[in-house]
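Notes follow once the structure below has been shown.
Each reported figure results from applying straightforward, stated rules to the coordinates on display, with no laboratory input. Quick caveat, the model's predicted, so the values are computed rather than measured. As a convention, Cβ positions derive from the backbone with ideal geometry for all residues, glycine included, and neighbour counts pool all protein chains shown.
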Amino acid sequence: MTDIEKPFLAALNGKAHKHPPVWLMRQAGRYLEEYRAIRSNVSGFLELCYTPKLAIEVTMQPIRRFGFDAAILFSDILVLPDALGQEVTFVQGEGPKLEPVRSLSDIQKLSTNWIYQRLEPVYETVAGLSSSLPKSTALIGFAGAPWTVATYMVEGGSSRDFATVKGFAFEKPDDFQVLIDLIVEGTAEYLNTQIENGAEAIQIFDSWAGVLPEDAFDRWVIAPTKKLVSLIRAKHPSTPIIGFPRGAGLRYPDYVRETAVTAVGLDTTVPTKWAADNLQNHLPVQGNLDPQILLAGGQGLDDSVNRILDNLSNGPFIFNLGHGIIKETPVEHVERLMDLVRRRV
Ligand code: CP3
């Protein structure tokens, strides 16, 4: 099967299909017992990301179980700050903890010099997957978008109101720009090397794009993503890039036009008819079932999946969730979802 015949890549290339390709954000993870079994045998989450044999195995688990059209590299957006020299740990039940970067002198301690060496195991995982996936399954590489990665680096972990990172960006924009530029440079190298090792498409996760007012959205979401896209295209002009500016709302059209991403991920709040008329007429779209609806199951799941399919299957479309799968999701609900998308029921 040539690349273009992989259904996921065909959709990214602009082809519509009445049975659209499907994968789910965070499809590898704790909702799978086979993932939990492997996770319980490693001391930390980063160890799992940096052990190619295990990372390959957990990437393959959901492919074997559900037959998704794409596999996403098993890693995390926070390996990049780790590779830049920031201390990153994952505390079970509490999420990520980072030694916060809050001044120019904190930023100056970081460097892109260590990226290749530190992220070598991730590249090895990509190469291993590229030679072991089923022929029709595409391999997605990924990274966090500069703004979203910066929120974790400055806040020191997850945040409720983003007060610290917004304070930094609004009070010292020139210093914050130094951090963003460093992340752009490091992420471009990281993604280009993933492509060189076999990633066939790239997704840029901007999970917190939706928290910024308009000028800041232009400067910290659109501009750095545009730069990142251009640095990838300069080396790999034909690799499709999916942007996922979660929560971008009315800014979705500006985001796709200005960043020039190949395709765009819709979050759960984007109305699908609107997306068909205003986004899908320009580029392939991906999304956007609410993970909470997948968790709930029942008639509501059937109705929501069918509505998304009805509204988006007339153009280039990849079925997905509008955010990552929730760890309590029953696997039977994912099986039902696959039956609905593949129109087996
Ligand atoms: O299957 C896949 O999608 C590939 C792997 C993947 C993970 N994280 C594994 C993971 C991907 C693509 C991500 C992206 C990611 N990581 C994002 C962007 C998408 C989003 O969800 O908004 C963000 C913001 C992160 C940062 C992150 N990683 C947080 C906040 C947490 C803790 C919260 C949580 O869900 O536990 C993680 C940990 C993480 N990343 C886990 C997994 C499977 C769970 C950790 C574990 O198993 O102990």
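Some points to look at:
- Long pairs among Lys97/Lys172; Lys18/Lys327; Lys97/Lys273; Lys226/Lys273, criterion Cα-Cα beyond 32 Å: Lys97/Lys273
- Here the simple spin-label model places points 7 Å from the Cα toward Cβ, and for Val345 and Thr269 these points are separated by 3.0 nm.
- Along the axis of the charge dipole computed for segment 274-345 (Cβ charges of +1 for Lys and Arg, -1 for Asp and Glu, origin at the Cα centre), the listed residues Met338, Asn311, Ala275 are led at the positive end by Met338.
- Computed E for Gln177/Asp302 - FRET, C-beta separation, R0 41 angstrom, nearest 0.05: 0.30
- Cα extents of the chain along the three principal axes, largest first (Å): 59, 45, 38
- Taking amide H as placed 1.01 Å from N in the peptide plane, the amide H of Ile72 sits under 5 Å from that of Ile140, each at least 5 places away or on another chain.
- Distance between modelled label sites at Glu94 and Lys15, nm, 7 Å Cα→Cβ extension: 4.9
- Taking the helices alone, the chain has a mean residue ellipticity at 222 nm of -14000 deg cm²/dmol, built from -39,500 (n - 2.57) per DSSP H run of at least 4 residues and averaged over all its residues.
- Length gained when the stretch Ser40-Glu214 is fully extended (0.36 nm per residue, less Cα-Cα span): 58.3 nm
- Pairs of Cα atoms nearer than 8 Å and 6+ residues apart set the relative contact order; for segment 3-342 it is 21 percent.
- Segment 268-345: GluC sites (Glu not before Pro) in DSSP coil with no more than 16 other Cβ atoms inside 10 Å: Glu328
- Furthest towards positive pole of dipole, Gly144, Phe74, Ala216, structure part the chain, Cβ charges: Phe74
- Placing +1 on the Cβ of every Lys and Arg and -1 on the Cβ of every Asp and Glu, with nothing else charged, gives segment 3-342 a dipole about its Cα centre of roughly 520 debye.
- Subtracting the Cα-Cα distance of Leu250 and Glu332 from their residue separation scaled by 0.36 nm leaves 26.0 nm.
- The loop-placed trypsin sites (Lys or Arg not before Pro) in segment 111-192, going by DSSP, that have at most 11 neighbouring Cβ atoms within 10 Å of their Cβ come out as Lys135, Arg160.
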